């Protein structure tokens, strides 16, 4: 398993697609964004679910956490059943988020990857992509890494996704 | 668990969204299409993965089947961990596909739902949506139901997604 | 030129794709939604531009109207230059909206098409598609047709997009 | 008017969104990709329209050229009617493509912008975005600039979209 953690617009999903292209065997991509899209529409806007305010702050409710925990269990089971998986997440809780994943992935070999990006650069890319609430990238850029321990760290500020993917792939053995 | 089976353009994903809206608790939507998108790009075009030919025929390779089996195990584990799940699949193998799901979901209560649609109507909707290879809907319309056993069957030919969802929800207890 | 008018989720864009499939020559599709996407992100959320409130009400500012008028002029010029065009719009102003198009399209032969849909059915489809503010479909269903004059009217409540497209195409000569 | 020219995956659309964010007045974005999407589905795959082969080569037919010319006339008319416009195109014909735009935009003040990107970097970004035929970026990277004259040139190889947009905006007067 590979778990990527980084703020919004730090370039995680581009790295995931490049990893899938450079790794010799087929890896499945499982993103927190895909989990969010699997929720009922009402939970993507309400108090119990996940909400994004106008300046990009993200709030997450208890019901979201409960379903997310079940999803994490499912990701682990998919890996145990033989599918190599690249997870792409935003550790809003920093070290506590990593702890939740660590518990869910017990017994699996995990490569923890930190995806860094200068907050101002991430905010520029947020404007360029045009589909995110402006402010989310800057808010999350450092927050998500607080207290998190990594095996590999990449920084997309001056390095392309493909080069980051090659750095990560070189750590696999 | 609810498992919906129907051909391409039969209206499954619309029914899933309506089910999520009408069911009182939050249900997660897990679609075979989302699994396909989680594969490396190379597997969405090659012999080992999944391919769609110009007249809408779908071929699936051994590596696809192996990863899909792991994904099914993960879906089951997510449900066992407490998240109610609506699966939306296309049983290209008919009864054999159902058997694979039945094995993966052992120990879970499952509502099997058949989503029918007149082939000519499905083909018209395939033209109207504009994002699928023309021919897939007609090819799959009856094929996917061969030998499959259901708890509920709906037909979207003359019935709206929301009404189908209400019929299905009425079977939950 | 063909101009389709109907409320949100009445099925206009499906009819447009079917029209493009059944008409012998290639027609260009030009939708008000595409115009909205061509605006700066800031105008898709602000007072000067276009806004959608939580219950699906749409408000449009003066700057939006000014740029929209320029776009209408451009659509007319594209048609005068020899490209047959299918416009897909939502006449929020009813007869006044039609009057604006009539002025912009002076000198062109236009087939005016009304796309009706029962408000409750349109609201169900709005839930099924999952990407629109709930309430917009019901709010617009009858409003957009007030005082508008048509050459052809179709109703998607019980008729498929492809059949509606054939009805419309049969009026071309 | 601003006309941006650059190869696939050179970063044009990100620059367009940043330009819309940094320019004080609202500018409309009109991309060749949007024109292609306005064509009938059959023309996006056939000989008369536009086709992309497996290694990313693009071929364009006579009917495509005829409709594209009408679209260019429409873009010019929209600008004459008072809407400032940012065009985002791929000059597959190099200087000849610029000549076609120059003729269509006669009488309008145009800022011609070249968007360069190192072919290897563009190819990496093509892999990272995951929605384009691999090979298109490298094929087009230098080809589209042959014989084209610019007022401003930016290079996204080492410069972010937002910084490129600021360089371009600084040339407006």
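What follows is calculated from the coordinates using simple rules that are stated; it is not laboratory data. Everything numeric here is computed off the predicted structure, so don't read it as measured data. Backbone-built Cβ (ideal geometry, glycine too); neighbour counts: all protein chains shown.
Averaged over the residues of A:152-160, the number of partner chain Cβ atoms lying within 10 Å of the residue Cβ comes to 1. Compared with the alpha-carbon gap, the fully stretched path from residue D:146 to residue D:65 is longer by 27.2 nm at 0.36 nm per residue.
What translational diffusion coefficient, to the nearest whole µm²/s, does the protein assembly as shown have by Stokes-Einstein, given a Kirkwood radius computed over alpha-carbon pairs, a temperature of 10 °C and 1.306 mPa s viscosity? It diffuses with D of about 59 µm²/s by this estimate. Residue by residue along D:75-85, Cβ atoms of other protein chains within 10 Å of the local Cβ number 6 on average. In the stretch A:53-147, Cα pairs under 8 Å separated by at least six residues give a relative contact order of 43 percent. Over the stretch C:123-170, the pair-distance histogram of Cα-Cα distances with 5 Å bins from zero comes to 5, 16, 20, 22, 23, 12, 2 percent, rounded to whole numbers. Copy-to-copy label distances for residue C:48, where each label lies 7 Å from Cα along Cα-to-Cβ, are 4.2, 4.3, 5.4 nm in order of increasing length.
Taking the centroid of alpha carbons for each part, the stretch A:80-119 and the stretch A:140-171 are 13 Å apart.
Diffusion of the stretch D:19-99 by Stokes-Einstein, at 37 °C in a medium of 0.692 mPa s and with Rh set to the Kirkwood radius over alpha-carbon pairs, works out to 233 µm²/s. Within the listed set C:122, C:106, C:137, the residue fluctuating most in the Gaussian network model of chain C (springs between alpha-carbon atoms under 10 angstrom) is C:106.
Among residues of chain D, the one whose Cβ lies closest to the rotation axis carrying chain D onto chain C, together with that distance rounded to whole Å, is D:77, 2. For the stretch C:34-162, the Kirkwood estimate of hydrodynamic radius, built from reciprocal distances between every pair of different alpha carbons, is 16.1 Å.
Over the whole of C:10-16, what's the average partner chain Cβ count within 10 Å per residue? Rounded to a whole number, please.
2
Over chain A, DSSP H runs of length four or greater, each weighted -39,500 (n - 2.57), average out per residue to a 222 nm ellipticity of -12000 deg cm²/dmol.
Between B:160, B:126, B:109, the residue with the greatest mean-square fluctuation in the GNM of chain B (Cα pairs under 10 Å linked by springs) is B:109.
Label-point distances for residue D:96 to the equivalent site in the other copies, using a point 7 angstrom along Cα→C-beta, read 5.0, 5.2, 6.4 nm when ranked shortest first. Of all DSSP bridge pairs formed entirely within chain D, close to 15 percent run antiparallel. Stretching the chain fully between residue D:54 and residue D:100 yields a gain of 13.7 nm (0.36 nm per residue, less the alpha carbon separation). Taking B:98, B:140, B:20 as the candidate residues, the one with maximal mean-square fluctuation in a Gaussian network model of chain B, Cα springs under 10 Å, is B:20.
For residue A:37, inter-copy separations between label points set 7 Å beyond Cα along the Cβ vector come to 0.2, 1.5, 1.5 nm, shortest first.
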